[in-house]
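The values are calculated or read from the model by the stated rules, or taken from the named source; none is laboratory data. All values reported here derive from a predicted model rather than from experimental measurement. Counting neighbours? That spans all protein chains shown, and the Cβs are built from the backbone with ideal geometry, glycine included.
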Amino acid sequence: MNEKTIEEWISFFEVEVPNHVTESRWKHIQRVAKLAESLAIAHKYPEPKKAYLVGLCHDTTKQKKAEVHESLFSEFGLEMEGIPFQAYHAYSAPLFLQKEYGLVDPEIRSAIQNHTLGSPKPSLLDQIVYAADFLGSDYCQKQIELENWIQNTKENLSFGIFMKAFQTISFLMEKKEVIHPHTFFTYNHALQSLKETK
Ligand SMILES: [Fe+2]
Ligand SMILES: [Fe+2]
C-alpha cells in the first residue's frame, strides 16, 4: 500500500483530516475509527489498524461542496447516475485521498465507498466500517442502549449492519426520499442472517 505503512498513514491523517471537517464531524470520525478497530478484532479481520485507518478517512469529503465531488467524478470518469447526493462523499473520498495524498488501496477504497449505501457483495472490512459508522453516529451517542448495541455487534456483525440499514431506510421513508437498492439489499441480508443465528 504505497510507500507509507498503515501506522504512518494513521499519524498523517490524524493531523490532516481535521483540516477538512468540522469539530463535531471529527469527533464522529474518531469514534468510527476506534469502533472499526475493535470490531475488526472481534471479527478477526487480519488488519485491525487498517480498519482504524478507514474509519479515520471515511468522511474526509463529507463537508465538501457539490462541485468538489463532481469535479473528482469527472476527473476519474465515475458515472454517478442513481447515486443519491448523501452518498457522494463516500464515492468522492477515495478519489480525494488518491489525488491529494497518493493513498491507493482497493480494500480501503471499497470500504469507504460502501459505508453509506451498503453493498450487495460487501467484504468483511466493508461490513465492519458500515456498522462502525452507525455505532459512532451522533444518533447513537444519545441512545441509552448504545453499549448493548456495540456488544451485540461484536458478537454478531449483522446486528450493527441491520441497525444502520433500518435507521437509514426509516429516515429516508419519513422524508419521502428515494432508497437505493444497495440499502434494501443490506437490510434484507442482515435481517436474514440475524434470523438464522437466533
Ligand atoms: Fe459518511
Ligand atoms: Fe461517517
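Below, the figures for the structure above:
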{"read-out": "Single residue of the stretch 128-154 satisfying the filter (more than 15 Å from ligand 2 (Cβ to nearest atom) and in contact (Cβ under 8 Å) with a residue 40 or more places away in the chain) that is surrounded by the most Cβ atoms within 10 Å (Cβ to Cβ)", "value": "153"}
{"read-out": "Residues satisfying the stated conditions in the stretch 133-163, i.e. within 17 Å of residue 41 (Cβ to Cβ) and touching a Lys or Arg at 6+ places or on another chain (Cβ under 6 Å)", "value": "136"}
{"read-out": "Qualifying residue in the stretch 183-196 (condition: under 25 Å from residue 44 (Cα atoms) and among the charged types (D, E, K, R))", "value": "yes"}
{"read-out": "Unmet requirement for residue 112, which otherwise passes all of (1) within 14 Å of ligand 2 (Cβ to nearest atom); (2) free of Cβ contacts under 8 Å to residues at least 24 places away in the same chain", "value": "(2)"}
{"read-out": "Residue match in the stretch 71-93 (condition: buried (at least 17 other Cβ atoms within 10 Å of the Cβ), at pLDDT 95 or above and of a type in the set (D, E, K, R))", "value": "no"}
{"read-out": "Selection status of residue 147, at pLDDT below 95, of a type in the set (D, E, K, R) and either part of a helix (DSSP H, G or I) or more than 20 Å from residue 59 (Cβ to Cβ) (or both)", "value": "no"}
{"read-out": "Single condition residue 18 does not satisfy, out of (1) part of a loop (DSSP other than H, G, I, E, B); (2) more than 15 Å from ligand 1 (Cβ to nearest atom)", "value": "(1)"}
{"read-out": "Selection from the stretch 1-38 of residues that are in contact with a Phe, Trp or Tyr (Cβ under 8 Å, 6 or more places away or on another chain), crowded, with 18+ Cβ neighbours inside 10 Å and closer than 21 Å to residue 158 by Cα", "value": "33, 36, 37"}
{"read-out": "Single match in 4, 50 (criterion: at pLDDT below 95 and closer than 17 Å to residue 103 by Cβ)", "value": "4"}
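Condition check ((1) more than 16 Å from ligand 1 (Cβ to nearest atom); (2) within 30 Å of residue 176 (Cβ to Cβ); (3) among the hydrophobic types (A, V, I, L, M, F, W, C)) across all residues:
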{"site": "33", "(1), (2), (3)": "no, no, yes"}
{"site": "45", "(1), (2), (3)": "yes, no, no"}
{"site": "54", "(1), (2), (3)": "no, no, yes"}
{"site": "93", "(1), (2), (3)": "no, yes, yes"}
{"site": "101", "(1), (2), (3)": "yes, no, no"}
{"site": "107", "(1), (2), (3)": "yes, no, no"}
{"site": "118", "(1), (2), (3)": "no, yes, no"}
{"site": "124", "(1), (2), (3)": "yes, no, yes"}
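Yes/no matrix, rows are residues, columns are (1) within 16 Å of ligand 2 (Cβ to nearest atom); (2) over 20 Å from residue 129 (Cβ atoms):
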position	(1), (2)
9	no, no
18	yes, no
22	yes, yes
25	yes, no
46	no, no
65	no, yes
79	no, yes
82	no, yes
93	yes, no
